[in-house]
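The values are calculated or read from the model by the stated rules, or taken from the named source; none is laboratory data. Keep in mind that this is a model prediction, so the values were computed, not measured. Counting neighbours? That spans all protein chains shown, and the Cβs are built from the backbone with ideal geometry, glycine included.
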Amino acid sequence: MTKENSLESVNLQFPAIRGIQAGKEYYVTMFPLKLIPKIFIFDESEIPPKMRAQRVLNHARIPQIANYIIQNPKDYVFSSLTASIDGRVDFIPFGEKGNFSKIGTLVIPLTARFIINDGQHRRAAIEEALKTLPELGNESISVVLFLDAGLKRSQQMFADLNKHAVQPTKSLGILYDNRDPLARLALELADTVPIFKGFTEFEKTTISNRSIKLFTLSSIYQATESLLKRPKKKQTITSKEHQIAYDFWVEVTHNIPEWRMIIEKKISSSELRKDYVHAHGVILHALGIAGNALLEQYPHSWKEKLVKLQDVDWSRSNTTLWEGRAMIGGRVSKAQMNLVLTTNALKNILGIPLTDEEKLAEQAIQKRS
């Protein structure tokens, strides 16, 4: 008996549910995590794209996902893997009628080849995480298995599975993220700081012209992250940081007349967005960056420095100040260079020295003008 024949007689057996999709059978089952690295393969990067069934692994993503498992062994969650099998499989139902004909045991020969159509990064991360936490090997992940109809079918499955996948907006991700302390802080600021309370868009990343909202939750998050300049690995926010963030945004609000007007309902959000640059995320983010430098250099007198914001002409019509910085061709821009140049303008107004990088950006805009 050849080695291949002997392997053919060895089977893997899993409890499964049988279904029909597009007239073809597919199976939903669960695999122990320890089996995932052993039985699922993915195409190597050196294979030409036309001969692969999915994208090349982005190796930078793998440690991130693996760390997510390692750091949250009691409450991590993964969606199903989707894969194709190119070998013969047998489904043994528990019965012949009704639901019993759909539930049973899936028998897969050891020689069968599995190709992941969706979830190759999860598969690689599981393998990496098991090196640190091998005890997770007996836990399971759900798997959707299709009978392979060749490379073209696998490629089409990959395209179809990803074509309609929609990433949640940044704001929605922050809203539901209970592990990120900065997300929790941003949410609390949105509920307590007067200029954010009632004026925060919690789900979308952009704000429509007629919306009563002023800032997105993601823009509050970004601006506060820059204000506190926290190390990425820091897991907690101190009560001092919490108080600083709240005090800073409240103090900024006191020193921007139009922000006070919207709180007092003397002007609408749509009017503010239409006529002023400070009703947009790029200014909020720049205020956070400038605020960090302000707090660092003037820890005891930063509030007095912010009074200078009262004399700023924030209107879009003030092209001398904002064109080429917060605006390009009259349109507000969030591009990185525009953020840097907008921050420079605010630092100059507040009397804060520029960094070397900011000076270079300032020289570039001076040459253009």
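Residue-by-condition table, conditions (1) among the small types (Gly, Ala, Ser); (2) at pLDDT 85 or above; (3) within 19 Å of Lys24 (Cα to Cα); (4) surrounded by fewer than 16 Cβ atoms within 10 Å (Cβ to Cβ):
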| site | (1), (2), (3), (4) |
| --- | --- |
| His59 | no, no, no, yes |
| Pro73 | no, yes, no, yes |
| Tyr76 | no, yes, no, yes |
| Leu106 | no, yes, yes, no |
| Ile126 | no, yes, no, no |
| Leu136 | no, yes, no, no |
| Asp148 | no, no, yes, no |
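Which helices (runs of 4 or more DSSP H) does the range 205-291 wholly contain that include 1 or more residues that are over 22 Å from the mean Cα position of the chain (by Cα) and within 24 Å of Val312 (Cα to Cα)?
Filter on the range 205-291 gives 239-254, 257-263, 269-275.
Of the numbered conditions (1) surrounded by fewer than 21 Cβ atoms within 10 Å (Cβ to Cβ); (2) among the β-branched types (Val, Ile, Thr); (3) within 30 Å of Ile70 (Cβ to Cβ), Ile267 fails exactly one; give the number of that condition.
(3)
List every residue pair whose Cβ atoms lie under 8 Å apart, where the two residues are 6 or more positions apart in sequence or sit on different chains, the first residue falls within the range 57-85 and is more than 14 Å from Arg123 (Cα to Cα), and the second residue, located anywhere, is of a type in the set (D, E, K, R).
These pairs meet every condition: Asn72/Arg179; Ser84/Asp148; Ser84/Arg153; Ile85/Arg113; Ile85/Asp148.
Touching a residue at least 24 places away in the same chain (Cβ under 8 Å), more than 14 Å from Gly281 (Cα to Cα) and part of a helix (DSSP H, G or I): is that true of Ile365 in this structure?
yes
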